[in-house]
1. Just to confirm the filter: which GluC sites (Glu not before Pro) across the range 99-148 are DSSP coil and have at most 15 other Cβ within 10 angstrom of their Cβ?
2. Loop-only GluC sites (Glu not before Pro) in the range 174-277, please: DSSP not H, G, I, E or B, and at most 14 other Cβ atoms within 10 Å.
Amino acid sequence: MSVSLPDFPAESDLAACRELLRHGSRSFHAASHLLPTHLREGATALYGFCREADDAIDQTAEPLRALETLQKRLRCLHAGEPFDIASDRAFAAVVRRYAIPHEIPAALLEGFAWDAENRRYPDFPALLAYAARVAGTVGVMMARVMGVDEPRLLARASDLGVAMQLTNIARDVGEDARAGRLYLPQAWLAAEGIDERAWLAAPEFNPGIARVVARVLEAADTLYRKAEDGIAGLPLACRPAMYAARFLYDGIGHQVARNGFDSVSVRARVSRLRKLWYVTRALAATPLLPSRDHSPTVPEAMFLVRAVAGSAADTLGTAPPAVTPWWNLDARVERLVAIFDRLERQEREANSIRVVGAS
């Protein structure tokens, strides 16, 4: 069933997307509150569709059938006739308003299909191809919401998304392995003398795994530094949120390192105080200098930049409304403190429930 496309996401649809965002990604949820309101709504609608698509595939016994349905939903919303689903209606409005090419979210779904296949990655370029699809796509779409169509800035947006995904992979090695998934490059594991099948059968932390995780985080760190240069080229009002996202995710990698690169027996968690430090650092790092890095993104993500740069110039909409100056952020920081408090309280309550249930 399809419905007509609204001019802008309805408030009820945005509310549904906010719930997906609040429960799906604490770091992104927190960083989004530093965005101007109209951009935060676009980012929320974008994330809502991505989160629901990921869950639709990840939480079903028939992921390939779910993928076929998602592909149909994507075709319909790009045609201006979204399914009667809140996230589809909201994302359809964002796609139209910000001229997001079909190829970008289609690549995201392709990455989800690789997950459904439980695909392995023989080398690091293969892993980058996966990260480009499941996260580089989100970075590029976020850049479009911010009005970006310059290839050099799109490249940096892709770099940021890929870096975040590499951080996630490094953090979740043990959790993924216990679910039968493995994202670490097979060539890197082999170089450490790790037999992939034997290790997956009984995942345990060892020095070889530590060195592989460290290599993944080192690659992520390189991309974070490149992405930081691109953030400096964004509109001033957008920079604090993107710096916050960059530092919050990078902070997860730093915590993995502090744990001795052991993400098998322990899951890296960033304290509330450290999160607030990263946000403060993000606000202080909002520079006035323009971006100077004109290098391409990783080769595996170049198709994303080409998809946007080839069409965006002729399809940009009207100028966005005036926004709050980037330096007027007191209320947003206070909001972030409240968010961190609530999320940590919810996590403590959830842990208490799990303990009681296990006793």
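1. Numbers: sites: E103, E110, E117; in loops: E117.
Of the GluC sites (Glu not before Pro), the ones in loops of the range 99-148 whose Cβ has at most 15 other Cβ atoms within 10 Å are E117.
2. Working: sites: E175, E192, E196, E204, E218, E228; in loops: E192, E204.
Here the GluC sites (Glu not before Pro) that fit, given the DSSP loop and packing criteria, are E204.
Quick note: the coordinates plus some simple rules give every number you see, no bench work behind them. Computed from a prediction, not measured in an experiment: that's the story for all the values here. All Cβ positions, glycine included, derive from the backbone under ideal geometry; neighbour counts span all protein chains shown.
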